[in-house]
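Heads up: the structure comes next, in structure tokens.
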Amino acid sequence: MTDFELIKLALEAREMAYTPYSHHKVGAALLSTDGTVFKGCNVENAGYTPTNCAERTAVFKAVSEGYKDFSAIAIVGGMDNLKTLPLCAPCGVCRQVLREFVNPETFNVILAEVDDVHSLDTLSEEMVHITTMTLSELLPLGFGPENLAH
């Protein structure tokens, strides 16, 4: 699967976001090592604390179906009234959740600026400006399962 295809799936997931308070819609597409993709969107709550990010939604969906090996995640987000989306990096909590399941040196976090989010049917690669980083670049010196080894 190409980075562009994964970004397009993240944009599809973003359309399902429930954001009546912030109006900041985020979509994620998590790629397992066997090629299965799990989409997630952010889901807000009036109590704010129970709000769940798109990245964690995708991870929790995957884990709940028995998947725990991942190679990449694509993330797109921004205010729902924007025509052009800026880069939207995962929050610290999402970075830590991803760290639980991936090799941070090889796991890719694919972020994109998107020129026209109102036309997914006509979205082209020229409209998407991709930035890819490893999780270790986003979470240097991250704390993982190996830190708790006996």
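Tabulated results
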{"read-out": "Test: residue in region 63-78 that is at pLDDT 95 or above, in contact with a helix residue (DSSP H, G or I) (Cβ under 8 Å, 6 or more places away or on another chain) and among the acidic types (Asp, Glu)", "value": "yes"}
{"read-out": "Subset tally (residues that are in a loop (DSSP other than H, G, I, E, B) and at pLDDT 95 or above) for region 106-140", "value": "4"}
{"read-out": "Members of region 85-105 that are over 16 Å from Leu11 (Cβ atoms) and not in a loop (DSSP other than H, G, I, E, B)", "value": "Gly92, Val93, Cys94, Arg95, Gln96, Val97, Leu98, Arg99, Glu100, Phe101"}
{"read-out": "Any hit, region 20-37, residues being of a type in the set (Phe, Trp, Tyr), outside any loop (DSSP other than H, G, I, E, B) and modelled with pLDDT of 95 or more", "value": "no"}
{"read-out": "Odd one out for Glu100, checked against (1) touching a Gly at 6+ places or on another chain (Cβ under 6 Å); (2) within 14 Å of Glu55 (Cα to Cα); (3) free of Cβ contacts under 8 Å to residues at least 60 places away in the same chain", "value": "(1)"}
{"read-out": "Any hit, region 61-71, residues being assigned to a loop (DSSP other than H, G, I, E, B), in contact (Cβ under 8 Å) with a residue 24 or more places away in the chain and of a type in the set (A, V, I, L, M)", "value": "no"}
{"read-out": "Thr84, sole failed condition from (1) at pLDDT 95 or above; (2) among the β-branched types (Val, Ile, Thr); (3) over 13 Å from the mean Cα position of the chain (by Cα); (4) loosely packed, with under 15 Cβ neighbours inside 10 Å", "value": "(1)"}
{"read-out": "Candidate set from region 18-34 (those that are within 21 Å of Glu65 (Cα to Cα) and aliphatic (A, V, I, L, M)); member that is surrounded by the fewest Cβ atoms within 10 Å (Cβ to Cβ)", "value": "Leu31"}
{"read-out": "Filter result for Ala13 (among the hydrophobic types (A, V, I, L, M, F, W, C), in a helix (DSSP H, G or I), touching a Ser or Thr at 6+ places or on another chain (Cβ under 9 Å) and closer than 19 Å to His118 by Cα)", "value": "yes"}
{"read-out": "Residue list for region 19-54, filter: within 23 Å of Gln96 (Cα to Cα) and among the aromatic types (Phe, Trp, Tyr)", "value": "Phe38, Tyr48"}
{"read-out": "Tally of residues being in contact with a strand residue (DSSP E or B) (Cβ under 8 Å, 6 or more places away or on another chain) and within 16 Å of Val76 (Cβ to Cβ) across region 108-137", "value": "17"}
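The values are calculated or read from the model by the stated rules, or taken from the named source; none is laboratory data. Predicted, not measured: the structure shown is a model, and the values here were computed from it. Every residue, glycine among them, receives a Cβ derived from its backbone with ideal geometry; neighbour counts consider all protein chains shown.
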